[in-house]
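Read-outs throughout are calculated quantities, based only on the coordinates presented, and are distinct from any laboratory measurement. Here the structure is a predicted model, which is why all the values come from computation and not from measurement. Methodologically, a virtual Cβ is constructed for each residue, glycine included, from the backbone with ideal geometry; neighbour enumeration extends over all protein chains shown.
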Amino acid sequence: MVQSSEALDLKIQQCLERIDDLLSKNFGSEPNGLLSGSGGAALYFKFRFLQSGQTSFFEKSMEILEKEVEKTNLNQLEPYLSIGSSSVSSIWLIDQLILVKLLDEEEHIQSKPWVDLSIETTSVEELESNRHDLFYGFVGKGLIAIEHNRNAAKPYIIKIVDALLKNLKYDTDGAYWLTPKPPYVDTSYIINLGIPHGIPGILLFLFKCINTYDLGSAVKESTDKVVLWLRNRLNKENNTLPYEYSDRISGTGNLGWCYGDLAVAYTLFMHYEVSKNQDSLIKANELLSQALYKSSLKGISHYSEFDIYDMCLCHGTSSISYMYKKICELSGNPLANVESHKWLDLTLDNLQKYFSNTEAIESRRYEYFNTSCSFLNGLSGVGLVLLSFIHQSDTQWDKILLLDHKKSS
């Protein structure tokens, strides 16, 4: 049963205050970058300010961001200048603050060189070999360009979209993409069904492009063929996709954002939003019903010493809560809302256990239990999920997850 609004808000607020303290204390010792560094704390405190109006949160966000920018160096380039690059993700934060008018547009002068460089370093080989990865490939670069200046980005987006269409493979089920194995020195390919590295992420990116630009009918027709492939595969396998040929992280479940039933269901719901395809809506609801029926803790990393489950935004309990929340917004299914709150409650309970054992847990440095400032695997991402339940009007941070789509009227 969903808790009363007042009781839930109080419990969330208490956890947020502890996260505030931990992130304020730890960000200085974190590496650079958004996904796995202190940039996650800058993003968290930005939305904490928007939720509460407390200037101390804005000041903290700016303090962290300034340190992030200081660490960027145009002369020390990382292999792939996409969102996963610590330098580029730090600069992406500047554009996010400009978009909500917390920074003046003149600050674009700091982010523009990095956006330009990210575009310029997109090689023909990268496009031809389909290095489409959201974090370390050209899909992420496209997101950066759109966020920076969507009108100026259009020629680059067309280049990316053209490459994706040329890279399509076909079989009797429809069309699909193969994914090169990171870090791209391996020439073998897999069929990946996760948002950050695979077919659902490409589709969500193309849906964003379709909603942003006039790209012609070929793009929509191609996405229809890929979604047809997904539906046909689901039909053949009784709605049970073989995730073993996806990029699967050992010890994680299959209901979170990173990959799994809910990621595919969300993609199908979004296809309905874009195309009004009834078959996609039916299949999305089937997957959702199946997920609601089999929902369990199986596969989520558990740390028996402290009886804590992995809470991270990438694939932990907060991730599952947020995926159900986003699907509820698209589908209107009240059961998805109930399930979202169930996983939220579990996340809050696990946070309480963590707060009671902070020093002992941090001293262990578990491989799959990250309590850093990281957006994907640390406390920043968990905190942003909590914020979304008490400040539902502003969750723009989820655009980096390709979950920022709004239901059409």
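Quick one: length gained pulling ASN167 to THR55 fully straight, 0.36 nm per residue minus the C-alpha distance? Walk me through the intermediate numbers first.
On the way: separation 112, 0.36 × 112 = 40.32 nm, distance 4.80 nm.
So the chain would gain 35.5 nm between ASN167 and THR55.
The slack between SER296 and ILE282, meaning 0.36 nm per residue of separation minus the straight C-alpha distance, is 2.7 nm.
Checking the table LYS294/LYS399; LYS169/LYS236; LYS11/LYS325; LYS166/LYS225; LYS112/LYS141; LYS46/LYS208 against a 22 Å threshold on Cα-Cα, which pairs fail?
On the way: LYS294/LYS399 28 Å; LYS169/LYS236 19 Å; LYS11/LYS325 18 Å; LYS166/LYS225 14 Å; LYS112/LYS141 13 Å; LYS46/LYS208 24 Å.
From LYS294/LYS399; LYS169/LYS236; LYS11/LYS325; LYS166/LYS225; LYS112/LYS141; LYS46/LYS208, over 22 Å: LYS294/LYS399; LYS46/LYS208.
Note on ASN232 and ASP349: the model spin-label points, each 7 Å out from Cα along the C-beta direction, lie 4.4 nm apart. Computed extension length for ASP104-LEU215: 36.8 nm, one decimal, from 0.36 nm per residue of separation with the Cα-Cα distance subtracted.
Along its principal axes, the chain has C-alpha extents of 55, 51, 43 angstrom, given from the largest down.
Counting charges near ASN239 (Lys, Arg +1; Asp, Glu -1) among other residues having Cβ under 14 Å from its Cβ returns a value of +1.
Rounded to the nearest 0.05, what FRET efficiency is calculated for GLN14 and ASP307 with R0 set to 25 Å and r the Cβ-Cβ distance? Efficiency, rounded to the nearest 0.05: 0.80.
Taking packing as the residue-averaged number of other Cβ atoms within 10 angstrom, the listed peptides 212-218, 352-358, 134-140 run from highest to lowest as 134-140, 352-358, 212-218.
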